[in-house]
Amino acid sequence: MTLGVAQFVVLAALTYRLVPLLARLHARIGVVLLSPSAAEQLAERVDTLTETRAGAMNAHGAELRRIERDLHDGTQARLVAIAMRLGAARESLDDPQMMERLLREAHEGTEEAMVELREVIRTIYPPILADRGLAGALIALGTRSAIDTTLDIGDVGTVPAAVEAVAYFTVAETITNATKHSQAVRTAVRVSRDGDRLSVEVTDDGIGGADETLGTGIAGIRRRVLALDGAFAIDSPVGGPTTITVSLPCGS
């Protein structure tokens, strides 16, 4: 049986209208069926957090060993030397010149021990964060930077200490990398808060091509961020620019 012209036109019109609708319906069904379920997404998230927590614990253990080594081999050794010089000075009361030299050496050793202690403390939690807060610490960091650094810091409110430390180290490490490796002459830092997320973005005008597998700097930033259940992204095409973006949960 052949179709009449009118029937053919109607069928063609229906096909023209229905095929796209059916295709979209099929696509939506496919997305629903192929997308991971809530349980699968949760399991994947737990696996990611478990991996990042394990990495953070390993890094934390290594950091503790480094601090212990620095204190034992550096500061403790200097304090022992100071105590010995002070003891010798006490035994040299009848030799003013010897006593003066020993006291001078003990004083110099005390200053050196204080410098080493400040360096150790700075790697744990920069004292400037406690003194000036995140905004003040970043302003000081930008002022000390070897390359031109512009800062755009919004009202971030109260931020947990752990988040402040990660944000600070992110900016510090990124500026250091830009100075040492990217041939950059300027960096731009932007810090803002949206609800319970703190965002940090650092861009430099260097040569780009940053590869986190070639060093510990970028990998260290990623590890710190993921340990706090944050998000890390890097965009560094060859020729530049390089942009590192970090998002950290900081409470509502």
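Over all other residues within a Cβ to Cβ distance under 13 Å of ALA146, the charged ones net out to +1, with Lys and Arg as +1 and Asp and Glu as -1.
For the range 111-118, backbone phi angles converted through the Karplus equation (6.51, -1.76, 1.60; θ = phi - 60°) give residue-by-residue couplings of 4, 5, 5, 5, 4, 5, 4, 4 Hz, Gly and Pro being listed as x. Here the Debye sum runs over all C-alpha atoms of the range 145-252 as equal scatterers in vacuum, and log10 of I(q)/I(0) at q = 0.10, 0.11, 0.22, 0.24 Å⁻¹ comes out as -0.26, -0.31, -1.17, -1.34. Note on the range 124-194: the C-alpha convex hull projects to 4.7 nm² when averaged across all orientations. Given a 1.4 Å probe and every protein chain left where it sits, what share in percent of the accessible area of the range 92-154 is carbon and sulfur? That fraction is 57 percent. The Cβ shell under 10 Å around PHE232 holds other residues with a net charge of +2, Lys and Arg each +1, Asp and Glu each -1.
Per residue, the accessible area of the range 112-248 comes to 50 Å², computed with a 1.4 Å probe over protein heavy atoms only.
The values are calculated or read from the model by the stated rules, or taken from the named source; none is laboratory data. It should be emphasised that the depicted structure is a prediction, and the values quoted were computed from it without experimental measurement. Cβ sites come from the backbone with ideal geometry, for glycine too, and all protein chains shown count toward neighbours. Calculation scope for accessible area: heavy atoms of the full protein, side chains included, ligands and nucleic acids excluded. Shrake-Rupley method; radii C 1.70, N 1.55, O 1.52, S 1.80 Å.
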